[in-house]
Amino acid sequence: MHRGKGMKFVGDSRVTHPSERKPNIPKDYSEYPGKTEAFWPNFLLREWMVGAVFLVGFLVLTVAHPAPLERLADPTDSGYIPLPDWYFLFLYQLLKYEFAAGDYTVIGAVLIPGVAFGALLLVPWLDSGKERRPLKRPIASGLMLLGIASVFFLTWESVDDHDWEAAAQQGEIVDMEVDETAAGYEIYQSQESCIQCHGGDMLGGAAAPNIFESDYDKEQVMEIIVNGADGMPADQFEGSEEELETLAEFIANDGQEPDGDE
């Protein structure tokens, strides 16, 4: 028997000459037309182009239809009724019901939304089946339809119940300059009972009208302040007779300091 008979040399494929190494060429995706493509630059470039179109469209929309603005916020206007954006209207409506308002606000503001949104986060663990058809997943499909129906119903009820005309009036921007250096304005700011209804800017709200909308003269304004009118309580003014006259004259002059010879 000869030494080495039957032995063969097997080369190690991990060791190759540098001249024989092939560059890292991406796969030729032409072999799979319409099924897959290279992420860079094909897919990413297409995503950027679509995103740019939507961004330009959104910018054009903001220029053509500016966001609606209301008058400056007045923390002293207790009659102002705020309204959230449309995607929170269903939660806003939920807080109007007895079981989710008043002493049970925590239930409507925290508990119910927390359970609903928490269930959405737990869906992958609560329903781990591989079936994709909705009819084969009655529990998951039923709960999702119930959630969609609830959101739709509450949003509809919120829009239907809201007094849109009153909301437009309470937030309307009034182009009026009030002389804040006038003595009458300083007297008004000291009257908490007046501010609670008419607001710190004297332009009113849902609880009381704009002070300057009427055409009352000084004597009529004094009569209303002392005796009240149209739901306004009487004897709410806290001050001297001279201060009452100064305030009434300021209101009668539409928020401007009257001339000395008037």
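The values are calculated or read from the model by the stated rules, or taken from the named source; none is laboratory data. This structure is a prediction, so every number in the text was calculated from the model and none was measured. Note that each Cβ is placed from the backbone with ideal geometry, even for glycine, and that neighbours are counted across all protein chains shown.
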Review point. How many of the residues in segment 91-139 are within 30 Å of ASP160 (Cβ to Cβ) and not in a helix (DSSP H, G or I)?
Key: 4
Check your understanding: Could you say whether any residue in segment 162-175 is among the β-branched types (Val, Ile, Thr) and touching a residue at least 24 places away in the same chain (Cβ under 8 Å)?
Key -> yes
Point to revise | Some residue of segment 94-114 being out of contact with any helix residue (DSSP H, G or I) (no Cβ under 6 Å at 6 or more places or on another chain), loosely packed, with under 10 Cβ neighbours inside 10 Å and of a type in the set (Ser, Thr, Tyr) | key: no
Point to revise | Test: residue in segment 45-57 that is surrounded by 14 or more Cβ atoms within 10 Å (Cβ to Cβ) and on the phi < 0 side of the Ramachandran plot | key: no
Revision key, fill the gap. Restricted to segment 132-154 and to residues being more than 23 Å from LEU89 (Cα to Cα) and in contact (Cβ under 8 Å) with a residue 12 or more places away in the chain, the residue surrounded by the most Cβ atoms within 10 Å (Cβ to Cβ) is ALA140
Check your understanding: Does segment 70-81 contain at least one residue that is over 20 Å from the mean Cα position of the chain (by Cα), of a type in the set (A, V, I, L, M, F, W, C) and surrounded by 11 or more Cβ atoms within 10 Å (Cβ to Cβ)?
Key -> no
Review point. Condition test on VAL159, is it touching a helix residue (DSSP H, G or I) at 6+ places or on another chain (Cβ under 9 Å) and outside any helix (DSSP H, G or I)?
Key: no
Exercise for review: Taking the residues in segment 217-242 that are in a helix (DSSP H, G or I) and out of contact with any helix residue (DSSP H, G or I) (no Cβ under 7 Å at 6 or more places or on another chain) as candidates, determine which candidate is surrounded by the most Cβ atoms within 10 Å (Cβ to Cβ).
Suggested key: ILE224
Review point. Do the conditions hold for GLY142, that is, is it modelled with pLDDT of 85 or more and over 30 Å from HIS162 (Cβ atoms)?
Key: yes
